[in-house]
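Computed from the coordinates by the stated procedures, all read-outs in this text should not be read as laboratory data. Because the structure is a prediction, the values reported are computed rather than measured. Neighbour counts are summed over all protein chains in view; Cβ atoms, including those assigned to glycine, are modelled from backbone coordinates with ideal geometry.
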Ligand code: ADP
Ligand code: ZN
């Protein structure tokens, strides 16, 4: 068991890695508890939730919406939630995002905790304190910064993940490694099949290492005024591809990482060999290194990049790489990004 503390302006969060879901009750304060989950997770793990009310969302990204949010507010209203009610999200990134946003805004803020049940949510979405929903096709357009009181990561629940979900989480792990840990990158590169097979030793170490890196970045800059921007590596194109092509987040991030690496090479920042390593690793994890966006869909892709939150006037803050483990944030004119999308996608 490893506990990592995230000390941020909006609160202190304790992340318990390697803890069992069965120990959840010991983390939840006395009083009314409202669980928020989705139908798949409820069926698999609902019995371990402990006493309280449970709000069940439809599985999938469609719940990360005003409709999903309303469902949680309705459930809190029905449950007679007051300021002392504690909200626990048990599920993937979607559930954590919606429940965290709902809890942070209901009655101007209820305390909440997360039990992320996907690899993606354990290494990324569950920590950092960004909770939000998509709106009009733009990912995470509406949201808050608010730390959960705790995050409980139980490796055992990853055993029931559907095929594809593991690679989805590994994409985010490779991103984190590319930002801050050449050693973690090497380790996944040495045995991608072990990572895909959720080898307990490898995954245990890799989750802790990913969380340490993310926690340090979040502590330094919770509200993304500077340093935190590096966490967007692979996400400028990634988010656009995700909303335009409708692929899974991890697939979009995989392709986004390769794009960022190639663009870094093009700008003379990154040795071509490092971009090759990233491309090869993304492929060996079963993720697409390129997304075939058909020519007619390109304008929509560029449009989606333009709506990106990282945009500053006619430029976008883009995360480049100088080496594996060394990110660099620079503005790139939209026009250059657009031509890169044409050439590299
Ligand atoms: P992400 O964390 O990838 O953003 P979602 O919240 O959309 O993911 O969850 C992805 C899918 O996996 C959903 O259908 C969800 O119900 C399902 N799921 C989440 N956790 C588990 C688990 N531990 N075992 C099986 N299915 C799960
Ligand atoms: Zn992501």
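Calculated mean residue ellipticity, 222 nm, the chain: -13500 deg cm²/dmol, from DSSP H runs (n ≥ 4) at -39500 (n - 2.57) each, averaged per residue and rounded to 500. Does segment 146-211 come out rounded, prolate or oblate by the C-alpha gyration tensor, with a ≥ b ≥ c the root eigenvalues, rounded set by a/c under 1.5 and, if not, prolate when a/b is larger than b/c and oblate if not? Oblate, since a/c reaches 1.5 and b/c is not below a/b. Would you give the gap between the C-alpha center of segment 304-336 and the C-alpha center of segment 133-151, rounded to a whole Å? What the calculation gives is 21 Å, centre to centre.
What shape does segment 1-92 take by its C-alpha gyration tensor, where a ≥ b ≥ c are the square roots of the eigenvalues and a/c under 1.5 counts as rounded, a/b above b/c as prolate, and the rest as oblate? Rounded. The long axis of helix 249-266 is offset from the longest Cα principal axis of the chain by roughly 30 degrees.
Normalised by the number of residues in the chain, the average gap of Cα pairs under 8 Å and 6 or more apart makes the relative contact order 15 percent. The overall shape of the chain is prolate: from the C-alpha gyration tensor, with semi-axes ordered a ≥ b ≥ c, the ratio a/c is 1.5 or greater and a/b exceeds b/c. Taking the fewest neighbouring Cβ atoms within 10 Å as the starting point, the ordered list for 130, 175 is 130, 175.
By the count of neighbouring beta-carbon atoms within 10 Å, fewest first, 338, 165, 193 end up ordered 193, 338, 165. Of interest is the spacing of the C-alpha centroids, which for segment 53-117 and segment 221-281 amounts to 30 Å.
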